[in-house]
1. Which residue, of B:T56, B:T122, B:T91, is under 21 Å from A:D152 (Cβ atoms) and either among the basic types (K, R) or touching a residue at least 40 places away in the same chain (Cβ under 8 Å) (or both)?
2. Please verify whether A:T103 is loosely packed, with under 10 Cβ neighbours inside 10 Å, hydroxyl-bearing (S, T, Y) and without any contact (Cβ under 8 Å) to a residue 24 or more places away in the chain, treating the condition exactly as stated.
3. If I filter the stretch A:19-46 down to residues being touching a strand residue (DSSP E or B) at 6+ places or on another chain (Cβ under 7 Å) and modelled with pLDDT of 90 or more, which single residue comes out as surrounded by the most Cβ atoms within 10 Å (Cβ to Cβ)?
4. Report yes if B:A180 is at the interface with chain A (Cβ under 10 Å from one of its Cβ atoms) and over 30 Å from A:A147 (Cα atoms), otherwise no.
5. Considering only residues that are out of contact with any Gly (no Cβ under 8 Å at 6 or more places or on another chain) and either crowded, with 20+ Cβ neighbours inside 10 Å or closer than 20 Å to A:F6 by Cβ (or both), which ones fall in the stretch A:47-57?
6. In this structure, does A:A56 turn out to be over 30 Å from B:T175 (Cβ atoms), under 25 Å from the mean Cα position of the chain (by Cα) and either without any contact (Cβ under 8 Å) to a residue 60 or more places away in the chain or within 14 Å of chain B (Cβ to nearest Cβ) (or both)?
7. Assess whether A:V98 counts as being of a type in the set (A, V, I, L, M) and part of a loop (DSSP other than H, G, I, E, B).
8. In this structure, does B:A61 turn out to be surrounded by 14 or more Cβ atoms within 10 Å (Cβ to Cβ), without any contact (Cβ under 8 Å) to a residue 60 or more places away in the chain and away from chain A (no Cβ under 12 Å)?
Amino acid sequence: MSTLEFALVAFVLATGLATAVLRDVLGSIIAFAAYSLGIAVVWVVLQAPDVGLTEAAVGAGVTTVLFLLTIAKTVRPSGERTLERLDLPALGVAVALVAVLATTLGALPPVGGAETPVATSEVTSYYLENAYHEAGVENVVTAVLAAYRGFDTLGEAVVVYAAGVGVLVVFQREVFA
Amino acid sequence: MSDDATSEPGSEPVAPEGSEVDEPAEESATEEPAEESPIAETASRPYVESPIIMATVRVVAPFVFTFGLFIMFHGADSSGGGFQGGVIVGTVVLMLGIAFGIGPTREWVDPSTIVVLVGLGTLGFVSVGLGTVALGGAFLDYPVFGTALGVPHPSKYGIELVELLIGVIVAGIITGLFFAIAAGTRGGESA
């Protein structure tokens, strides 16, 4: 693990912890935006720029604005304490969940390893060899998303559409106003 | 605020001392699209009028919009795509809302336009898929456009059309969520 990666992980952990324990919601939201930005850089470091772009735009950008709009309708908690009081049962559940997930870490291949199932899969090599001829685009991720798995992407788009319809139904409006 | 609108062509952000000085902080709202008196709608609106933010957004917004379109279209050849580009295009409206007030921005965009755009985007995506089926191919089988209609590079342009439609959907929903959350359920509980 290089120095950059170590610093990134430390930053993400610190901002994630700050998001959880800060009592002021505004501070929590800012910490969460920083956390998303850190995660976005992690995606780039892990060679997944498409995901990093999404994380930066949605997680660090739009979600933060929507959260800020929401808390503008609330009041800030009174009191002097900076940090949230520790909720022991919730902490226990969180630690147990992390422990369960951590048991799978040993089964994961090293990052960027040549022997990972993804790298050696026939499907991967098929896409890498044929995507440009068959789909006509140079970005294999886009070829898979929009051409090979276009039906799935239609489903994703419809999910976004359905989310908007759901908001309108909950607000009992016909337009977003 | 409405009586200030008559003096707007002078574009003086601060009214000359005289008749209208009884309105303390909202004088400069007459400077730009914010003349619809957004503050009157809600007292708790998180809108802070700042010439720095307005000037910055005015300069940056066209570039952000272009960048969003670039991400949308250039997703075929580099990182990006309809979802990411759509979010970035939607961010432009969020920036305008933060700079010039959400109410005036909502009036400018027109909420029904958003619903129409999102619906048309989804409909367009489905009809691209059904269109390839109608032309004798599989669902979203773009090369059919080339064999049946003679479109050059059918797969590339088909993918970019779909990315654009996804971008329209996502940008519309982001904008709509922004407006909906800003408006809240105020006045809508009994509807």
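1. Step by step, each of B:T56, B:T122, B:T91 is checked, and only B:T122 is under 21 Å from A:D152 (Cβ atoms) and either among the basic types (K, R) or touching a residue at least 40 places away in the same chain (Cβ under 8 Å) (or both).
2. When the stated conditions are applied, A:T103 passes them.
3. Per the stated criteria, the residue is A:A31.
4. Here the answer is yes, as B:A180 does meet what is asked.
5. Filtering the stretch A:47-57 down to residues out of contact with any Gly (no Cβ under 8 Å at 6 or more places or on another chain) leaves A:48-49, A:51-52, A:54-57.
Result: A:A48, A:G52, A:E55, A:A56, A:A57.
6. It is false that A:A56 is over 30 Å from B:T175 (Cβ atoms), under 25 Å from the mean Cα position of the chain (by Cα) and either without any contact (Cβ under 8 Å) to a residue 60 or more places away in the chain or within 14 Å of chain B (Cβ to nearest Cβ) (or both).
7. It is false that A:V98 is of a type in the set (A, V, I, L, M) and part of a loop (DSSP other than H, G, I, E, B).
8. yes
The values are calculated or read from the model by the stated rules, or taken from the named source; none is laboratory data. From a predicted model like this one, the values you see are computed outputs, not experimental measurements. Don't worry about glycine lacking a Cβ; one is built from the backbone with ideal geometry, like all the others, and counts go over all protein chains shown.
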